[in-house]
Structure formats: structure tokens, C-alpha cells
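Asks: My questions will all concern the structure given below.
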Amino acid sequence: MDILENLPRELSIKILGYLRGPKTLSRCTLLSRTWNSLANDEVIWRNMCGLRWSRMKHIKHDLHPRVDYTSLAGSLTVKEIKGVLAVRKVDITGLFDKSDLISKLVSTLPKHSPPQQGIIWRSKWKASFIVAELDAKRVILTKEELCGVNWLIRFKQWPPEQESMYAKFNPDYTYESAMIAPGHSMKWRFYANDVQVESYPELVVSRNKDWSFSMQNGHAILYST
């Protein structure tokens, strides 16, 4: 430990980068102030996010939009703030000063974000890593998520060799599928936290190990791709 503390910071960070797992890094923060600083370094956690998220679906290697950046606003660049707001679909027309962008960032935390009241984040990428892990358990779909990905549908009575068919939920609340005649569509709506197509039984949302979504009722199951 003493040897690592006396090394140049960049070299120490490189060595810590070989540690695998956020739990190991979190334990390192308890050893000393130096270790705490090193184990919270943005480079380490940005790389950790890249390694973890590369195996997951529907997430890009960017700062997570569901982080409460109140305690981190001063460490963000204008480009980073605009990037988070863009993912949140927040209109920033007429906002040019960084202070105005920060105010918009702090006030537009998306609904159903993981609870973060009272947390003082030390690293924007560590915060993104943790919030992403928590958000992966969320089973409430937003309209943007539902309509922004492609879906595959199959009926549960189909034989295993039967290929799934594509399905699409459009922003105008129409539903398309390969099983519907060309030029025709059905209507969809949110039913509480579930999704309903026409008057068919509601589709209950769940999450998969790769962070993709599934929706199913007694007859069919849909997978996000």
C-alpha cells in the first residue's frame, strides 16, 4: 500500500485499473485518503463502465442520464451537460451560460430514477456505474424506451424452431407487427406499468440479464433488441 501511494498518480491509477469489480475498488477507498482519491478516479470508473456496458443492451458509453448531478455539476463540461440533457430529451434552446445549463440539468432528473437523495457523488463515472446497475432493475418502461427499440414477438405455443417476428411500438400509439397485414396497424397504450395492445391481456414488463426488456402475457412474449 505504501509503495502504491508513493508512485506517480498516473501509474497508480493504471495499476488500480487492473482490479476487477466495483466492490474491490470500493474497499480500496477505505484504506487511506490517497487510496480513496485514486479509487474514485474518473479514468478508472470510465473504463469500468466501458467494460461492463459493452456486454449490455440499450446503453451507450456516456454519462448516465439518470444520475442526480447536483453534487457533480461543477466537474462537468458544457459538452457533457448538453450530452446528458440531449439523452433526457430536454430542450435547451436559448441556454448559453453554463450556470443555466446546470440549473436545467439539476431540475430535470427523469421520473423513476433510482433514489439518490442526500448522496454526494465523488466521481461522475462512478455515479454512472452505480446508477446504471440500479436502473437495470427498473421494470417501468418510458414511451421513449418502448418506441426507441425494436422488438421480437413469439407466441408461447410456437415450437422452438419457429422464428420470432418483428414488432414495433410507434410514438403515435400504433403497433405494427409482421403478423398484421401490410398497411394495417393496431393501437397500444400504457396500462398502469404494463403495456396493452388493443384489448388483449396486458404485457407485463421485466428485465433480462443483458439489461434488455421483456414483456409477456399468457399468450405471447416480446424481447427488445
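Asks: Which FRET efficiency value, to the nearest 0.05, is calculated for Ala192 and Phe96 with the Förster distance at 41 angstrom and r the Cβ-Cβ distance? Can you show the working numbers first?
Replies: Details: r = 41 Å, r/R0 = 1.00.
That gives a FRET efficiency of 0.50.
Asks: While we're on this one: Taking the Cβ of each residue in Ile221, Ile180 as the centre, tally the other Cβ atoms inside 10 Å and list the residues starting with the fewest.
Replies: With the sparsest Cβ surroundings first, the list reads Ile180, Ile221.
Asks: Points 7 angstrom from Cα along the Cβ direction at Asp172 and Ile120: gap in nanometres?
Replies: Those two pseudo-labels are separated by 5.2 nm.
Asks: Find the Cα radius of gyration of segment 57-135, compare it with 2.2 N^0.38 Å by division, and give the number to two decimals.
Replies: The reported ratio for this selection is 1.02.
Asks: Still on this structure: In which sequence would Tyr175, Tyr166, Tyr69 go, from the one with the fewest C-beta neighbours within 10 Å to the one with the most?
Replies: Tyr166, Tyr175, Tyr69
Asks: Working only with C-alpha atoms, what are the Rg and Dmax values of segment 143-224, expressed in angstrom?
Replies: Reported Rg and Dmax, both Å: 12.2, 35.
Every read-out reported here was derived from the displayed coordinates using simple, explicitly stated rules and does not represent laboratory data. Worth saying up front: this structure is predicted, and the values here are computed from it rather than measured. So basically every Cβ, Gly included, is an ideal-geometry build from the backbone, and we count neighbours across all protein chains shown.
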